[in-house]
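Asks: Dropping a structure here in structure tokens format, bear with me for questions.
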Amino acid sequence: MVVLNKIAKETIFSVQYDNITLNNLSDTERLGKNIISGITTFPTVVALTGPLGSGKTTLCKYLTHAYLNVDVSVVSPTFNILNIYTGKDKKVYHYDLYRVNNALDLIELGIEEALQGCKLILIEWPSMAMQYIKNTNVLFVEITTTNIARTASVRTG
């Protein structure tokens with residue numbers, strides 16, 4: 001079960017979470033739903049950091065499902081860098097910038113168009129995109145792992 005340590009803050013996100021323990025997929029799904037329901041202003045960029053295999057893409061799956069309200073197949077965009085998921089009248093742009101070596105490559109990947117036309121943008125490994133997202137509504141999710149636990153913290157930028 002997810003234990004939520006809430007820190008109230010009036011921003012683009014109604015509640016921040018600090019060191020949430022994610023024991024299983026149900027906890028991660030619940031966190032995804034809570035994040036989406038807590039976003040008060042769109043468009044929003046969710047920037048996810050954490051080591052390889054920490055669960056960033058899994059959380060992106062649950063964020064996408066909660067936002068689109070449909071069960072679309074969400075896979076890691078590590079090789080194609082960008083996946084676009086479509087619901088009834090919404091889209092989610094999901095970037096994985098692990099292999100991007102140049103911020104200018106993001107222009108070719110449509111980051112500017114995404115920031116202007118999409119309500120929810122998920123970015124794994126966001127450091128290369130910071131110059132593009134610094135003036136947008138950004139929610140930072142940091143996932144950490146140890147041998148015994150996986151935790152997540154959510155804060156606004």
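The values are calculated or read from the model by the stated rules, or taken from the named source; none is laboratory data. Here the structure is a predicted model, which means the values were calculated and not measured. Neighbour counts are summed over all protein chains in view; Cβ atoms, including those assigned to glycine, are modelled from backbone coordinates with ideal geometry.
Asks: Suppose the filter is more than 15 Å from PHE140 (Cα to Cα), of a type in the set (Lys, Arg) and either out of contact with any helix residue (DSSP H, G or I) (no Cβ under 9 Å at 6 or more places or on another chain) or surrounded by fewer than 17 Cβ atoms within 10 Å (Cβ to Cβ) (or both); does LYS56 pass it?
Replies: Here the answer is no, as LYS56 does not meet what is asked.
Asks: Considering only residues that are modelled with pLDDT under 90 and among the small types (Gly, Ala, Ser), look in segment 115-154 and name the one that is farthest from ASP18 (Cα to Cα).
Replies: Checking each candidate, the answer is GLY117.
Asks: Please go through segment 72-101 and pick out each residue that is loosely packed, with under 12 Cβ neighbours inside 10 Å and either among the small types (Gly, Ala, Ser) or closer than 18 Å to LEU59 by Cβ (or both).
Replies: If the condition is that a residue be loosely packed, with under 12 Cβ neighbours inside 10 Å and either among the small types (Gly, Ala, Ser) or closer than 18 Å to LEU59 by Cβ (or both), then SER73 is the only one that fits.
Asks: Here is a further query. Can you tell which of GLU124, GLU108 is charged (D, E, K, R) and exposed (fewer than 15 other Cβ atoms within 10 Å of the Cβ)?
Replies: The match here is GLU108.
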